[in-house]
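Comments concern the structure below.
Derivation of every value follows stated rules applied to the coordinates shown; laboratory data play no part. This one's a predicted model, so the numbers in the text were calculated from it and none came from an experiment. Reconstructed Cβ throughout: ideal geometry from the backbone, glycine too, with neighbour counts over all protein chains shown.
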Amino acid sequence: MIALSDPWRLGADALAVVVLVFALYFPRHRRRDMVLAILGVNVGVVAVSLVLLRADATAGLGLGLFGVLSIIRLRSLELDQEEVAYYFSAIALGLLGGVRVTPDWVAPALMVAILTVLFVGDHPRLFASYRSQHVTLDAAIADHAEIRRRLEALLGGTVVRMKVKRLDLVDDTTTVDVRFRIDEHRRPGAEQRHVAGPST
């Protein structure tokens, strides 16, 4: 039997996951297949939570089931770190929507907290000039200073961290995991705009 507090909690979860998907995730990342994945895992977690609460099952069994399902899902498709955050947030929202928490205001408050963290942490203006990228240079270079110079010239920014992932002497390539900050004055075309100045 569904308690009087359940519809409110389920409604809060439905509203939260709609905001999560259609107001935060999709406008920022534009990945259509993840919309279905996030909505599906949220509804699934809510459904399983409600069933487990009313069946002869322990909380450990339920959480173990969610963990297994999450690992299977994450191993089946390559996800960015941002998408992993959205995916697990959908699971957390589903648990809050399906599990009874007292007092009744705690679950909606935690849902709001999750959405707030995602809104701020994944905001386009937060560290907007910083980027992360895997780059393969068309030369086998062992000198890190030379790698840095090439990367900064190529990316138009300042390298703040880099790690050589592969130095291939046969194919004459260097693969680097690089974190860099974009410098506006070093972007392609910036110098031309500065020299040209306003037209008269």
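Points worth noting:
- Spin-label model distance (nm) - R149 vs R100, 7 Å beyond Cα toward Cβ: 7.0
- Note on V18/Y130: beta-carbon distance plugged into 1/(1 + (r/R0)^6) with R0 of 35 Å gives a FRET efficiency of 0.70.
- Within region 130-193: Cβ-based charge dipole about Cα centre, in debye rounded to nearest 20 (Lys, Arg +1; Asp, Glu -1): 400
- Using R0 = 22 Å, the C-beta based FRET efficiency linking D171 and D80 works out to 0.20.
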